[in-house]
Structure formats: C-alpha cells, structure tokens
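Here is the structure we will look at.
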Amino acid sequence: MPLDDTARLERLGERAAELVQDGMLVGLGTGSTASAMIEALGRRLQDGLEVTGVATSTATFDQASQLGIPMVDLNDIDRLDLCIDGADEIDPGLGVVKGRGGALLFEKLVARRADRYVIIATSEKLVDHLGTRMPLPVEVVSEGWRHTAEEIASLRLTPQLRSREDGTPFLTDGGHYILDCSWPGEIAIDPGSLAIALKSVTGVVDHGLFINMVDMAMTIDPEGEITIHSATENR
C-alpha cells in the first residue's frame, strides 16, 4: 500500500539519520525532506548520540536548536564529516538542482566543506535530464537585478523574479533576490557549462546547479522502498 507523503519523509529521514555517527560534525540541509532527517537526528540525540550541526538556513538552525542539537557557525569549522540535504531534481550522474526553498547559497557553502555530501529525496525527483521538473533558481544581488536578468536571458533562459504572496520580492537569508529561470524542455546546454556561464555573470551570487558534488543519493518510492544511488556508479 502506498505511503502518504509524511510517512515517506519520516521513513527516509530516519534512514538518513542513521548515516550520522557519534562525534560527527554534520551539515544540516533545508526543506521538508531535510527537516524530517533533522527530526530523526534529534530523536537519536535522546538515545545518547553526540553530534554537532552546521545549518544551511535560519529555519534549519531554529529547528535543530529546538531539538537540542548543538550548533556551530560555518566560519568556526574547517571541514564537515557529512552534509545531508534534499534536492528538487536528481539526474543519473547525481547532478542536482536545488533552491526551491530559497537556501541554495548557504546550502552550497556548507556542502562544499563536507567530506561526504548525501542527497535525500522522494523518487519523483529523479529525472533523465536536469531542467525537466522546475525552473533553475539563480540567486542575484538586488541592485541592478533587471540588468542581471537580461544577461542571464542571453544564456537561453527566461528569468522571473520570485515574489512573496504580497507581491514583494522574495529575500534569501543573505538578503538577495532569486530569479527562477525556465527554458523550453530540459536544460539546453550541458549543465556544467551552464553553471560556469552563470557564475561569470556580474550580479549572480550563485545558482541551484550542484554539479559533481554529490557522493550518494537516497530516494524513497511511493511504496516506501529506499534506493541508494552511488556517484561512482552513475558518473
């Protein structure tokens, strides 16, 4: 019998939390899937696990702190043992798109410091090609964002400013705007090349393409079966 979304995330979160070993320094992702893992990790602390976390967003910091997980700032550490986060798309080579939750910059900063980067997601996030499920989030400085959008459009993307329900621009934890960039069909050029091209645009802070970063992905299907996807097998 298929599981509802809450039950799937709880099961996946519990499995992911089992990757955390005593004494680890762990990057904690942002979003509903990562939140389920953090809840499971909090329960493990009650059983005696000792772990320290680094948050990828204010929301994650608040959740982890409320669960009693000791937290440190990214600036105060050199390396992380592990980072666990969700994703919006996962391709066969474990390239991913992130940023629907608006935390892509801090998520990438934390992931870059991790010895092992693990992505957890429902199986619906698996795609043959990146760019088939959602627009690509690109974080930009607010000053001159329209001009930045014009340069991004030259890369065959169609940027749209992300707004809140009241019509004001969405602001990231870093105080930046997000341009959700769509295209016809899948990404029209190699995602790795697009990642480099976007970073070269003045005004772009970062983007939601996480290429050649993921070591393992863990997905759960509607029936609750969990599958492990290895980067070494898919690249």
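Values in this text are rule-based calculations from the coordinates and carry no lab data. This one's a predicted model, so the numbers in the text were calculated from it and none came from an experiment. Here the Cβ positions follow ideal geometry from the backbone for every residue, glycine too, while neighbour counts run over all protein chains shown.
Summary of values
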{"item": "Residue among G27, G53, Y177 farthest towards the positive dipole end of the chain, charges placed on Cβ", "result": "Y177"}
{"item": "Among 159-170, 205-216, 89-100, the order from most to least packed when residues are scored by Cβ within 10 Å on average", "result": "89-100, 205-216, 159-170"}
{"item": "Three-way shape call for the chain based on the alpha-carbon gyration tensor, with the a/c threshold at 1.5", "result": "prolate"}
{"item": "Highest to lowest packing among 135-145, 73-83, scored as the average C-beta count within 10 Å", "result": "135-145, 73-83"}
{"item": "Shape call, region 160-210: gyration tensor on alpha carbons, a/c limit 1.5", "result": "oblate"}
{"item": "Which of M218, G68, I90, positive extreme of dipole for the chain (C-beta unit charges)", "result": "I90"}
{"item": "Charge dipole (debye, nearest 20) of region 1-73; +1 at Cβ of Lys and Arg, -1 at Cβ of Asp and Glu", "result": "100 debye"}
{"item": "Beta bridges per DSSP with both ends in region 42-147, % antiparallel, nearest 5", "result": "25 percent"}
{"item": "Cα centroid of region 84-159 to Cα centroid of region 32-56, whole Å", "result": "24 Å"}
{"item": "For region 136-208, size of Cβ-based charge dipole, Lys and Arg +1, Asp and Glu -1, in debye", "result": "140 debye"}
{"item": "Relative contact order (percent, whole number), region 136-208, Cα cutoff 8 Å, 6+ residue spacing", "result": "47 percent"}
{"item": "Shape category assigned to region 64-149 from the gyration tensor of Cα positions, a/c cut at 1.5", "result": "oblate"}
{"item": "Helix 32-46 axis, angle to the chain major axis (alpha carbon atoms, nearest 10°)", "result": "20 degrees"}
{"item": "Cα long-axis angle, helix 5-17 against the chain (0 to 90 degrees, to the nearest 10)", "result": "70 degrees"}
{"item": "Bridge type composition, the chain - antiparallel percent by DSSP, nearest 5", "result": "55 percent"}
